[in-house]
């Protein structure tokens, strides 16, 4: 390994974060470009939304497989090849001449994305000491926060002043740089003895996740017959229940549900997922409200919502000090109440309010959401054994993807229901007020998961010792 002026606790997260930013930005920027792509291909934009759904389906199917692949073939090798697959898929998208070619390329691109996200996190976990994990995870929250906010204005600028194909081609130099940096600076790790692939479990889990994601994505869109989306959603839920039964009896399941016995991991998955539903909804509700409710352009909307990303960037400089001072439990309990309430207040914004006030509000909420994700992501692995890291990263990534998709679906459905109840055809500010209220309450419900944590939860990672001095040691596994 070549010498570098940056410590590994900074270098590795930056390399992984760049790859994840590329994936996150690509998955959000395409939504803005859909009308232009549809016009080029002479297709209905609603039908072309299958390109987005195809990508999400590919993520849902292959994310559960990522941990087994990393253990079997090596985390660095899988991560590096995932970047290459994503870049090749991007080139395929740019070269697409029909909806069929676009959907196929997006599914191939999704295969790369499915491996990049959890395996990239696994690379980080194996390269960084747990005491440096909060600082390292702070970098990984940035792509998740910035990409949905930057996507619409970046997509709007590219489509307006260049070709939509450039949206996918900008991934090529970023991906090639990431491939080189991973090859040069990241060591390879893999398990010497790997159990056989749980093929039946993977088919049930992947099929169930795909059904739930596809069902939520298509509810109320009128792309499919009215009965199709609820049926697919129901089949997906049934397959997930069957997998839960399968995992109890399988010796080496594709995702080990017994990891939920670890209190910090369970709180991260359950509480984190409920909180993430609200954030997934925010990524579509806020730009839509600013554009449809306030009458702003995509670029103007993006410039306002970009304040959230700036707040998230500011957070990474303070995350370690805050977790060391207050500990995970206290931060998560208080911050959940503040962030959930702030999400509800987003629905109270109105066009007559000064832009400076909106920007300041979004800056603060972006800071707090970024802090929440940093705590949730770092705490998830605080008490996980090294041998279980690949399983835990796959499990965590699967839950995150599902929560974000459900959040987007719930946000869209609340708007549809509000329209139907008002017997209206055009969205107004009141519809967004109701939607933010619903998703804000869902995010607030995550408070209970964090409230149940012990005061010293994840102390090795947070560095918080005050609780340890006054409270008896807590068991990692709840009974």
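Key figures for this structure:
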read-out: Long-range neighbours under 6 Å by Cβ, at least six apart or interchain, first residue at positive phi and in the same structural domain as residue 65 (by TED's automatic domain parsing) within region 380-394, second in a helix (DSSP H, G or I) and at pLDDT 85 or above; value: none
read-out: Helices (runs of 4 or more DSSP H) contained in region 403-479 and holding at least 2 residues over 16 Å from residue 382 (Cβ atoms) and modelled with pLDDT of 85 or more; value: 429-444, 447-451
read-out: Verdict on residue 95 being modelled with pLDDT of 85 or more and surrounded by 24 or more Cβ atoms within 10 Å (Cβ to Cβ); value: no
read-out: Count - residues of region 228-267 that are in contact with a helix residue (DSSP H, G or I) (Cβ under 6 Å, 6 or more places away or on another chain) and closer than 14 Å to residue 388 by Cβ; value: 10
read-out: Per-region count, region 310-332, residues within 21 Å of the chain's Cα centre (by Cα), touching a residue at least 60 places away in the same chain (Cβ under 8 Å) and surrounded by fewer than 20 Cβ atoms within 10 Å (Cβ to Cβ); value: 1
read-out: Selection count, region 381-401, where residues are under 15 Å from residue 128 (Cβ atoms) and either surrounded by fewer than 24 Cβ atoms within 10 Å (Cβ to Cβ) or under 15 Å from the mean Cα position of the chain (by Cα) (or both); value: 5
read-out: Test result for residue 453, more than 30 Å from residue 132 (Cα to Cα), over 20 Å from the mean Cα position of the chain (by Cα) and either crowded, with 24+ Cβ neighbours inside 10 Å or in contact (Cβ under 8 Å) with a residue 12 or more places away in the chain (or both); value: no
read-out: Among the residues listed as 46, 11, 56, the single one being part of a helix (DSSP H, G or I), within 17 Å of the chain's Cα centre (by Cα) and modelled with pLDDT under 85; value: 56
read-out: Number of the exception - residue 29 against (1) buried (at least 24 other Cβ atoms within 10 Å of the Cβ); (2) under 26 Å from residue 236 (Cα atoms); value: (2)
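The values are calculated or read from the model by the stated rules, or taken from the named source; none is laboratory data. All values derive from a computational prediction rather than experimental measurement. Note that each Cβ is placed from the backbone with ideal geometry, even for glycine, and that neighbours are counted across all protein chains shown.
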